[in-house]
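The values are calculated or read from the model by the stated rules, or taken from the named source; none is laboratory data. The structure presented is a predicted model; accordingly, all values stated were derived computationally and were not measured. Virtual Cβ from ideal backbone geometry, glycine too; neighbours counted across all protein chains shown. For accessibility, only protein heavy atoms count, side chains too; no ligands or nucleic acids. Shrake-Rupley method; radii C 1.70, N 1.55, O 1.52, S 1.80 Å.
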Amino acid sequence: VQLQAFGGGLVQAGGSLRLSCAASGSRFSINYMGWYRQAPGKQRELVAGITTVGSTNYADSVKGRFTISRDNSKNTVYLQMNSLKPEDTAVYYCYTRHPITGLGYWGQGTQVTVSS
């Protein structure tokens with residue numbers, strides 16, 4: 001599975017960005033897709049996830065500000081990020097996993113930088 005992420009960049013605090021990630025080359029049905037992030041010196045953490053039927057989960061730190069969505073026909077997941085804060089600065093990674101084995105797949109990461 002190849003995951004290609006787009007949409008990172010530099011934005012001022014309070015601004016918005018939209019990330020997208022397309023999955024291709026999968027030999028299995030893509031179910032769960034999600035976004036993780038890793039800030040310098042910190043562990044990678046879950047930001048948001050979504051299943052094929054639209055069930056979502058979010059990190060407490062982004063609830064009410066970020067929205068995850070997906071287009072199943074395109075195997076694409078989106079992350080709309082509003083009211084961005086400097087602490088949201090990180091490399092954001094797209095993620096999916098095999099529905100049976102649980103083996104995870106990661107995208108290449110996209111940098112999000114929020115200036116104060």
Could you list, in sequence order, the residues of the range 34-69 that are modelled with pLDDT under 95 and at negative phi? PRO40, THR51, THR52, VAL53
Within the range 88-100, identify whether any single residue is closer than 16 Å to GLN2 by Cβ, at pLDDT 95 or above and touching a Cys at 6+ places or on another chain (Cβ under 6 Å), and answer yes or no. yes
Looking only at the range 71-85, count every residue that is without any contact (Cβ under 8 Å) to a residue 12 or more places away in the chain and open to solvent by less than 70 Å² (accessible area, probe 1.4 Å) and tell me the total. 1
Here are the criteria: (1) within 15 Å of VAL1 (Cβ to Cβ); (2) part of a loop (DSSP other than H, G, I, E, B). Tell me which single one VAL77 does not satisfy. (2)
Kindly establish whether ARG44 is in contact with a Lys or Arg (Cβ under 8 Å, 6 or more places away or on another chain) and not aromatic (Phe, Trp, Tyr). yes
Say whether the condition of being open to solvent by less than 20 Å² (accessible area, probe 1.4 Å), among the aliphatic types (A, V, I, L, M) and assigned to a strand (DSSP E or B) is met by at least one residue in the range 91-110. no
